Amino acid sequence: MTSQPTVRSGDKPRPDDYRRLCLAADIEQYSRFDTPGQRTAQAQLSRVLRAAAERSGLDHGTWSVQPQGDMEFAVLPAGTSEQVVLGKYVTHLAAELGGYNATRRPAGRIRLRLAIDTGVAATAALGFSGPAPIAVARYLDAPEVKRVLAAVTSANLVVVISDRLYQDVVRLRSHGHDPEQYRPIHVEQKGFAGYGWVRLPGVDPRDAGKAWRDKPEGGPRPPARAADVERPSFIQHGVHGTAVQGVIHGSVVHGAVPGEAGR
């Protein structure tokens with residue numbers, strides 16, 4: 001299913017060929033829900049995304065959105081802080097999910113995968129184009145990310161960010177970000193290759209440790225973590241193609257132009 005990106009207000013510009021902070025979220029195992037359950041899951045996905053934005057000081061009403069059932073694609077206004085999105089927004093999203101799931105039986109829980117990258121993201125005829133939406137979609141569907149969420153059943157949210165964001169924001173411990181909460185992965189899918197960093201917000205470290213045991217061997221050597229180097233290493237993403245038609249089914253992509261205060 002694809003649809004044109006929509007803007008809620010006629011006076012809000014659509015994104016163009018600028019660098020954007022892009023997010024993608026996906027409901028884990030959405031197809032397990034029956035029809036009423038899917039309706040509930042969609043409503044709760046919409047609610048938690050908006051509530052997390054509001055609690056983080058982000059105005060969701062100014063976002064350009066493209067809803068697609070169990071997903072939402074949006075582009076945030078220029079100047080949105082990377083630190084806020086990686087920090088407060090992720091923290092509040094995990095809390096909103098945790099609060100909802102605490103009132104549900106296990107079969108009714110909503111668990112999300114969230115991917116974040118920054119790069120060019122522009123409107124196109126059937127959705128959005130550019131390397132950032134593609135990278136976010138590939139991170140979101142990475143088997144490594146799915147394995148982490150499956151391994152830690154207490155987790156409501158798994159987050160994967162690009163190496164670029166890790167090096168620019170997290171590794172430098174900007175605004176209290178803790179690089180020790182992240183673990184590296186390497187993603188190769190559909191012509192894309194890049195490193196990512198995975199985190200389980202709100203999860204007891206002892207439970208989070210389960211996700212890193214028995215990891216499959218092989219693959220490129222991961223980029224250095226904060227404790228291993230004195231300066232950033234930069235990874236070039238290999239992305240082939242520039243268009244994403246309506247994003248990927250079951251995902252949420254949000255974008256923002258990083259402001260000077262947000263880096």
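Details
- Complete set of residues in region 30-52 that are open to solvent by less than 10 Å² (accessible area, probe 1.4 Å) and in contact with a strand residue (DSSP E or B) (Cβ under 9 Å, 6 or more places away or on another chain): Ala41, Leu45, Val48, Leu49
- Among (1) open to solvent by 40 Å² or more (accessible area, probe 1.4 Å); (2) at negative phi; (3) not in a helix (DSSP H, G or I) - the single one Gly99 does not satisfy: (3)
- Among the candidates Pro222, Pro201, Pro216, the residue that is assigned to a loop (DSSP other than H, G, I, E, B), at pLDDT 90 or above, within 27 Å of Asn156 (Cα to Cα) and not aliphatic (A, V, I, L, M) is uniquely Pro201.
- Residue check, Ala74 open to solvent by less than 40 Å² (accessible area, probe 1.4 Å), touching a residue at least 60 places away in the same chain (Cβ under 8 Å) and assigned to a strand (DSSP E or B): yes
The values are calculated or read from the model by the stated rules, or taken from the named source; none is laboratory data. Since we're looking at a predicted model, the values are computed, not measured. With ideal geometry, Cβ positions are generated from the backbone for all residues, glycine too; neighbour counts draw on all protein chains shown. These accessible areas exclude ligands, DNA and RNA; they are computed on the full protein's heavy atoms, side chains included. Shrake-Rupley method; radii C 1.70, N 1.55, O 1.52, S 1.80 Å.
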